[in-house]
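So the structure is just underneath, and the comments pick up after that.
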Amino acid sequence: MQEQPGVRQPSIARSIRQRASSVSQAFVTWPSWRGWAWCLGVYGLGMLATILIGFGTGLLKVQVVAITPIQLGVLTALIFLKPCLVEETIFRGLLLPHPSEHKPQGSVWKWSIFSLSVFIVSHPLNGWLIKPAVLGLFLSPAFLVCAGILGLVCTLVYVRTGSIWPPILFSVAERSDFARRAPESSRCGSRLCGAPTGIRTANGSRPDGRWIKTPGTRERLPKLCR
């Protein structure tokens, strides 16, 4: 579209207002039942792919450990707030155009590719700058592929529904499933608190990159979340 002479381009303040409006629309939009069914189908395929890759590459292992319902509930709530709510607000709500903006399809997919790329790169960057103890995990090709699949699923359901809730809830479900399940660490010799049975990264790190430095299967939850 050609720029019209004398027509002022949107200011920075207007762009900020547009992005804020897009985020607010994402939070107040709720998918239809058909939309939820479509999201569940996409999420199921994504989860199946990450499980196959995780076990096929040795990234994931299974072990029986103990956790109380209160610990599980608090852990899930913490995962909901960070990283899921924060990440989805940034990578989907802020970076992707909302359907109410009526952007051309080509523009939507360009921003989708950009958002997904930034989402994947943010993991090793996070390990390098903030969590060096898990940098090796965040640089693992299998981990990056699984993170890319999760990001792709969240991008697809957001673009389809215009709601931030399916990406947030699916991200919580996947990360909680990983966070609840803890094998014996093969590198640091520590055991993470997890659910009665489950899956965990083989090097003993949680999905948010935090570690438990003391042994034992019944750590108090505050120690889980340090």
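The values are calculated or read from the model by the stated rules, or taken from the named source; none is laboratory data. Every value quoted in this text rests on a predicted model; they were computed, and no experiment measured them. Note that we place each Cβ from the backbone using ideal geometry, even for glycine, and neighbour counts take in every protein chain shown. Surface areas here come from the heavy atoms of the whole protein model, side chains and all, with no ligands, DNA or RNA. Shrake-Rupley method; radii C 1.70, N 1.55, O 1.52, S 1.80 Å.
From most to least packed by mean Cβ count within 10 Å, the peptides 164-173, 144-153 give 164-173, 144-153. What do you get when you divide the Cα radius of gyration of the stretch 9-69 by 2.2 N^0.38 Å, with N the number of residues? In units of the 2.2 N^0.38 Å rule of thumb, it is 1.92.
Kirkwood Rh, Cα Rg: Rg to Rh for the stretch 71-171?
Working: Rg = 14.3 Å, Rh = 14.3 Å.
Here the Rg-to-Rh quotient is 1.00.
Counting only protein heavy atoms and a 1.4 Å probe, tell me what percentage of the stretch 70-180's accessible area is made up of carbon and sulfur. Display every interim value, and only then the final one.
Values: 3790 of 4880 Å².
Heavy-atom surface of the stretch 70-180 belonging to carbon and sulfur, 1.4 Å probe: 78 percent.
Looking only at the stretch 22-57, which residues have a backbone nitrogen under 12 Å from a spot 7 Å from the Cα of Ser100 in the C-beta direction? Counting only backbone N, you get 22-30. The string of couplings for the stretch 87-93 from the Karplus curve (6.51, -1.76, 1.60, θ = phi - 60°) is 5, 5, 5, 6, 6, 9, x Hz, one whole number per residue in order, with x for Gly and Pro.
For the pair Leu144 and Ala13, what calculated FRET efficiency results from E = 1/(1 + (r/R0)^6), where r is the Cβ-Cβ distance and R0 = 45 Å, to the nearest 0.05?
The computed FRET efficiency comes out at 0.75.
Quick one: Debye curve from the C-alpha atoms of the stretch 42-105, no solvent, what's log10 I(q)/I(0) at q = 0.12, 0.14, 0.24 Å⁻¹? Taken in order of the listed q values, log10 I(q)/I(0) reads -0.58, -0.75, -1.07. A cut-off of 5 Å between modelled amide H atoms, ignoring neighbours fewer than 5 places along the same chain, links Leu60 with Phe55, Ala202.
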